Amino acid sequence: MLKTIHAEERFVTVAMLGLLVVALFVVSRYDYLLFHGLMEMVSVVICASIFFLTVHARRHLENAALRLLGVAFLSISLLNLLHTLAYKGMGVFPGYDANLPTQLWVALRQMSAVTFLLAALLLGRKVRLDIAAGAYAVLTAALIWAVFTGNFPDCFVEGRGLTPFKIRTEFAAMLMLAWAGVLFYRRREYFDSTVVPLLLSSITLSALAGVAFSVYVGVYDLSNFTGHMLLLFSALCLHRAVFVTGVSTPYALISRKLREAEAQFRGIVENSAEGLFQMDREGRILAANPAFARVLGYGDAALALGQPLSRHFPGGPQEFRQVVEPALEGSKVLQHELAAQRLDGMRVWLSLSVLPAQGEEAQRLNGSLRDISTQVQMENLRQDVERILQHELRSPLSGILGLGRVLSEDTTLPPTVRDMGGMIADTGWRLLRMTDESMALRRLEEGTYIPELGPVELLEVLERVRMWHATLSGRKALEVRLLLDGEATQAGSSCLVRADEHLLEHALSNLLKNALEATPKGTTVTVRVDSPHEGAVSGHAAQFWQGDPAKAVHVVIHNLGEVPKDVRGRFFERYATSGKTAGTGLGTHIARLAVLAQGGGIAFTSSASEGTTLHVILPGAERKVPVAP
C-alpha cells in the first residue's frame with residue numbers, strides 16, 4: 001500500500017499508523033468490548049465501501065478478480081456486522097454465548113478465503129456482477145440460517161476455548177489464501193504494477209490473522225487483538241487495490257489526457273492563423289487568440305477583451321446587428337465577408353464566421369475571422385484582366401475573322417490563298433469562341449449569367465456542332481450518327497427545346513468534342529434525341545430529372561470510350577481530365593453549368609463494356625403558330 005503513496009508522505013503515514021495501533025491497544029486494555037466494536041464497525045465500513053467502489057467503477061474495473069472480490073465483500077461486511085452485534089457482552093442476541101460470534105467469524109473467514117482463491121482462478125475471464133451478487137446473496141442467507149438455527153458446527157466452548165473444527169477451518173483458510181497468493185503472483189501481468197503488492201499484502205495479513213485467531217483461549221486475549229489489527233490492515237490494502245484500479249488510475253489517466261488535450265488545443269488556438277474569438281450576444285469580445293488581435297490591430301489579445309466587435313464594422317452597431325442577426329436567432333452558421341476597419345484606421349477585408357455556442361454557453365457566440373485582403377485584391381485584378389482581354393480581343397479577332405472570310409470567298413484569288421483565308425477565318429473563329437466561352441464560364445460561376453430562353457431548333461444546333469468538329473472526326477475516322485427517336489434525321493426533322501441558343505451550342509459542343517476525343521479510332525459516336533413523350537425520360541435519366549417527363553427532350557451522347565475511374569467522381573468539376581496531352585478539363589464543367597442554367601439536367605454512366613453515355617435533359621418547347629391577320 002505504501003508504494004502507491006508519494007515518498008515524502010511515507011514517514012508521516014507510517015507514524016500515523018503506529019500511533020493508531022498504540023491508541024487502539026490502549027482502548028483494548030481499557031475496554032476490549034469497545035475496542036472490538038470500533039474495529040469491527042470500521043471493517044464493516046471498509047468492506048462495504050469496497051463493494052460500492054466496485055459497483056460505481058465497474059466501467060473502468062474490468063479485472064475479473066477485483067470485480068469478484070468487490071461483490072463478495074458486501075456479504076462479508078454483512079456477516080462481519082452480525083459477528084460484531086453477537087460478540088460477547090453486546091447483548092443484542094440473548095440466549096447465545098460466545099460460540100455464535102465465533103461461528104459467524106468462521107463463516108466470513110471461509111467466504112473471504114474461498115473468494116480470494118476463486119478470484120485468482122478467474123483471472124482473464126469475464127465476471128458478471130449481477131450473477132456474482134446473486135450467488136453471494138444466496139450463500140450468505142444459507143450461512144446465516146445455518147448459524148442461527150444450530151446447523152453450523154460449534155467453534156467455541158466456554159472454558160475450553162476453540163474447537164478443533166474452528167482451528168482446522170482457520171488453517172484451511174490460510175492454505176487457500178496462500179494458494180491464491182501464489183496464483184496472483186504468477187498471473188501478475190493482469191494487474192497494474194502497484195496493485196500486485198497490495199493484493200499480496202492483503203492476503204498475507206489475512207493469513208497471519210488466521211494464525212492469531214487459531215491460538216486464543218479467551219475472546220479478549222492479546223492474540224485476538226493482534227488478529228483484528230491484521231485484518232484491518234488487510235481490508236485497507238484490498239480497498240486501496242480496488243480504488244487504484246477502478247478509480248485512481250482511470251481518473252488519473254483521464255485527467256492526464258484532459259491536460260494533454262487542453263495543452264494541444266490551446267496550442268492549436270494560440271498558433272492558429274485564423275482569428276478565433278468568443279463574444280456575448282451584444283458583441284463584446286470575451287476571449288480571443290493572438291491571430292484575432294493581429295488582424296484587427298490590437299497589440300495583445302488581452303486588449304481586445306471587453307471591446308465591441310461592432311467598432312470594426314463600417315456601419316457600426318447597426319450593421320453588426322444586421323449581419324449577426326441570423327446567428328442570434330438560430331443555430332445557423334453565419335458566413336460573411338466585409339471590409340472592416342482596424343484600430344489604426346486601415347481597411348482590411350475579412351471573412352467572418354459566427355456560430356451560437358451550445359450547452360451552458362448558449363448565450364455566447366463562437367467565431368473566426370480571416371484576413372482575405374490579398375485574395376480580394378487578386379480576384380479583383382483577375383476580373384479586371386479578364387474583362388480587358390475579353391473586350392479588347394473581340395475587335396481585332398472580329399477583324400481577323402472577317403478578313404479570313406473575305407479571302408476564302410474571293411473567287412478571283414488562287415485556291416491556295418483561299419484555303420489560307422479559310423484557315424485564318426477558322427483560327428479567328430476558334431479564338432473568338434474561346435473568349436466568349438471564358439466570359440460565359442465566369443458569369444455562370446458567379447451566377448450573373450441570365451440566359452435568353454426561347455424555342456430553339458435542337459437538331460439544327462446539333463448539326464452545326466457536328467460540322468464544327470468534322471476535322472477531329474475525320475482525323476480519327478469516326479462516324480457521328482444523329483438520330484431522332486431512334487431513326488436517322490431527315491430533311492425537315494424538327495425538335496424544339498426551350499433554351500438559350502448560344503449557351504446550348506457551348507454545352508453540346510463541349511460534350512460532343514469530349515466524346516470524339518475519348519472514343520477509339522474508327523468507331524461511331526451516336527447522338528440520339530428523344531422528343532417529348534411519356535417514355536422519353538426513363539432509366540438513369542429519370543433519377544436526376546424532377547420535371548414532367550412528357551414535356552422533356554432527352555439527348556443521349558454515346559461513345560465506346562471509358563471514363564477513367566479516378567475521374568468519374570469529379571467528371572463535371574473544374575480541371576477534371578486524365579490521359580490527355582491537350583485540353584484544360586473545363587469542357588464538361590462548362591457544359592454542366594450551361595445545362596443547369598437553362599433549367600435542364602445532366603448525368604453520365606461509364607464502364608469498360610458499355611462505354612460512356614451522357615444524358616442531357618432539356619425542357620421541350622412548342623412551335624409558335626402564326627396568327628392570321
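Output the residues belonging to segment 471-504 that are within 18 Å of H558 (Cα to Cα) and of a type in the set (D, E, K, R). Of everything in segment 471-504, those that are within 18 Å of H558 (Cα to Cα) and of a type in the set (D, E, K, R) turn out to be K476, E479, R481, D485, E487.
Listed here are the residues, each with its yes/no results for (1) more than 27 Å from V182 (Cα to Cα); (2) modelled with pLDDT of 85 or more; (3) touching a Phe, Trp or Tyr at 6+ places or on another chain (Cβ under 7 Å).
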| position | (1), (2), (3) |
| --- | --- |
| R58 | no, no, no |
| L68 | no, no, no |
| T102 | yes, yes, yes |
| A142 | yes, yes, no |
| T149 | yes, yes, no |
| F165 | no, yes, no |
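Condition check ((1) part of a helix (DSSP H, G or I); (2) open to solvent by 10 Å² or more (accessible area, probe 1.4 Å)) across all residues:
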position	(1), (2)
G70	yes, no
L74	yes, yes
L78	yes, yes
L81	yes, yes
G89	no, yes
F93	no, yes
P101	yes, no
W105	yes, yes
S112	yes, yes
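Taking the criterion of being open to solvent by less than 100 Å² (accessible area, probe 1.4 Å), part of a helix (DSSP H, G or I) and of a type outside the set (V, I, T), the residues of segment 169-190 that qualify are E170, A172, A173, M174, M176, L177, A178, A180, G181, L183, F184. Do we find that A477 is out of contact with any helix residue (DSSP H, G or I) (no Cβ under 9 Å at 6 or more places or on another chain), at pLDDT 85 or above and not hydroxyl-bearing (S, T, Y) in this structure? In short, yes.
Of the residues in segment 325-338, at least one is open to solvent by 90 Å² or more (accessible area, probe 1.4 Å), modelled with pLDDT under 75 and over 28 Å from T588 (Cβ atoms).
Against the numbered list (1) open to solvent by less than 10 Å² (accessible area, probe 1.4 Å); (2) part of a loop (DSSP other than H, G, I, E, B), I50 comes up short only at (2). Exactly one residue out of L462, L458, L511 is open to solvent by less than 60 Å² (accessible area, probe 1.4 Å), touching a residue at least 60 places away in the same chain (Cβ under 8 Å) and under 18 Å from H589 (Cβ atoms), and it is L511. Among the residues of segment 1-21, the ones that are open to solvent by 90 Å² or more (accessible area, probe 1.4 Å) and modelled with pLDDT of 75 or more come to 2 in all.
This table checks each residue for (1) open to solvent by 20 Å² or more (accessible area, probe 1.4 Å); (2) modelled with pLDDT of 85 or more; (3) of a type in the set (D, E, K, R).
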site: V269; (1), (2), (3): yes, no, no
site: L286; (1), (2), (3): yes, yes, no
site: L305; (1), (2), (3): yes, yes, no
site: R311; (1), (2), (3): yes, yes, yes
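Please work out which residue is surrounded by the fewest Cβ atoms within 10 Å (Cβ to Cβ), limiting yourself to segment 489-508 and to residues that are over 27 Å from V563 (Cα atoms) and of a type in the set (G, A, S). Within segment 489-508, the match that is surrounded by the fewest Cβ atoms within 10 Å (Cβ to Cβ) is A491. Modelled with pLDDT under 75 and surrounded by 14 or more Cβ atoms within 10 Å (Cβ to Cβ), is that true of L389? No.
The values are calculated or read from the model by the stated rules, or taken from the named source; none is laboratory data. It should be emphasised that the depicted structure is a prediction, and the values quoted were computed from it without experimental measurement. Heads up, the Cβs are rebuilt from the backbone with ideal geometry, glycines too, and the neighbour counts pull from every protein chain shown. Keep in mind that these areas ignore ligands, DNA and RNA; they rest on the heavy atoms of the full protein, side chains included. Shrake-Rupley method; radii C 1.70, N 1.55, O 1.52, S 1.80 Å.
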